[in-house]
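K.L.:
I'd like to ask some things about the structure below.
Read-outs throughout are calculated quantities, based only on the coordinates presented, and are distinct from any laboratory measurement. It should be emphasised that the depicted structure is a prediction, and the values quoted were computed from it without experimental measurement. Cβ placement follows ideal geometry from the backbone for every residue including glycine, while neighbour counts extend to all protein chains displayed.
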Amino acid sequence: MNHLTRYDPFADAGFDDLFRGFFKPVRLANAPTSTTIKMDVTETDKAYVVHAEMPGVKKDEIQVAIEGNQVTISAEVKKESEQKEGDRVLRSERYYGGVFRSFTLPVELDEAASTARYEHGVLELTLAKRAPVAGRKLTVS
């Protein structure tokens, strides 16, 4: 038996966001908003590969911390003012300030074998999996 689904074009959040921006006063556009680091995580046999979007961040302003199976990515985005005298800002949507993202993976990570590379606004982390520790048998006396 086929199931029919009713299509509602106005139910999509993207459509709502499109029109919501038209009705905001321009003066409220300078209000600070936070942003999140968007990521893709893939897994291979020996590592996890993370691609994190971090546009506008300089390489030396990125910190990556690995503790066991928890990874924290943080960065500071600094405002570079290019406003000339007599110019008036009508809308500013760019974010300036600190951003961070922390996540936990299912296995312990090897910090020494992990690598990080930043190019074209994307941080690529190769997080090596720690070799599993072989359990030992105890003799019962």
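K.L.:
Give the residues of the stretch 48-73 whose amide nitrogen is closer than 12 Å to a point set 7 Å from the Cα of residue 101 in the direction of its Cβ.
P.N.:
50-55, 72-73
K.L.:
Same structure again: Just grab the label-to-label distance for residue 84 and residue 131, each label 7 Å out from Cα along the Cβ direction, in nm (one decimal).
P.N.:
In this crude label model, residue 84 to residue 131 measures out at 6.3 nm.
K.L.:
Continuing with this model, one more query. So for 51, 120, fewest C-beta neighbours within 10 Å to most, what's the order?
P.N.:
On the way: 51 13, 120 5.
Ascending Cβ contact count within 10 Å gives the list 120, 51.
K.L.:
Sticking with this structure for a sec: Taking H as built 1.01 Å from N, whose amide H comes closer than 5 Å to the amide H of residue 69, not counting residues under 5 places away?
P.N.:
109
K.L.:
Please list the non-local residues whose amide H lies under 5 Å from the amide H of residue 129, H modeled 1.01 Å from N, same-chain partners needing a gap of 5 or more.
P.N.:
47, 48, 110
K.L.:
Rounded to whole Å and sorted largest first, what semi-axes of the equivalent ellipsoid does the C-alpha gyration tensor of the stretch 50-125 yield via the square root of 5 times each eigenvalue?
P.N.:
Details: eigenvalues 218, 27, 17 Å².
They are 33, 12, 9 Å, listed largest first.
K.L.:
Can I ask one more? I want to check the label-to-label distance for residue 40 and residue 63. Put each point 7 Å from Cα in the C-beta direction and report it in nm to one decimal.
P.N.:
2.9
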